[in-house]
Amino acid sequence: MQALKEIGFKRAFRFFYLTLFHALFRCSLFPPVRRLFLILLGAKIGKNVILNRIRFFNYDRKGFKGLKIGDNVFIGDECLLDLADSIELGDHVTLAERVTILTHINVGYKNHPLQKKFPAKTESVKIDRGCFVGACSTLIAGAHIGEESLIGAGSMVNKNIPPHSAMAGVPAKKIKEI
């Protein structure tokens, strides 16, 4: 009941019906059908986009209208996209398998003892044109990856990445300019 009290009935209802649409999206076998579902839900999706079996959460907040995917984008299996705030993927972006994009930070309910030290926040994530994000990487709220950059597998991006960079590690550090 505490969750319903904090988010309100309207948001809970939005969560309910969007969960039904998300279930239909996940049952879709082919990327073109998944693309159509996202467009119907308000996302802006470019041409030649491959959407493998990806998951979304917090679609009751900013939602699918905050999702913008450019042309010729590939999103690998088991990617997890947080739609609490906007996510923008430029043209020719590749997200390898199991990439997680987080647009919010929240330690729990409003009365959680850590809320004073780590207040809830949301920030958009943007990945510019021509980037590659390696498998099992995590992008934290507010991250911006500059164009034609590469993020190595298993990395955590918690800051802005300059264009034409190769970054890897936890947290991601520059390994070379490209």
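Every number in this text was worked out from the coordinates using simple rules, so none of it is lab data. These numbers come from a predicted model, not from an experiment. Cβ: placed from backbone, ideal geometry, glycine included. Neighbour counts: every protein chain shown.
Data overview
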{"item": "Residues of segment 66-100 classified as touching a Ser or Thr at 6+ places or on another chain (Cβ under 9 Å), over 19 Å from residue 144 (Cβ atoms) and charged (D, E, K, R), total", "result": "1"}
{"item": "Segment 82-110 residues that are over 21 Å from residue 6 (Cα atoms), paired with ones that are among the small types (Gly, Ala, Ser) and not in a loop (DSSP other than H, G, I, E, B) (beta carbon under 8 Å, 6 or more apart)", "result": "86/66; 87/66"}
{"item": "Index of the failed condition, residue 126 passing every other in (1) without any contact (Cβ under 8 Å) to a residue 24 or more places away in the chain; (2) in a strand (DSSP E or B)", "result": "(1)"}
{"item": "From the options 134, 142, residue that is small (Gly, Ala, Ser) and more than 13 Å from the chain's Cα centre (by Cα)", "result": "134"}
{"item": "Residue among 62, 44, 116 that alone is farther than 23 Å from residue 156 by Cβ and either touching a strand residue (DSSP E or B) at 6+ places or on another chain (Cβ under 8 Å) or not charged (D, E, K, R) (or both)", "result": "44"}
{"item": "Residue match in segment 133-153 (condition: farther than 19 Å from residue 58 by Cα and in contact with a His (Cβ under 6 Å, 6 or more places away or on another chain))", "result": "yes"}
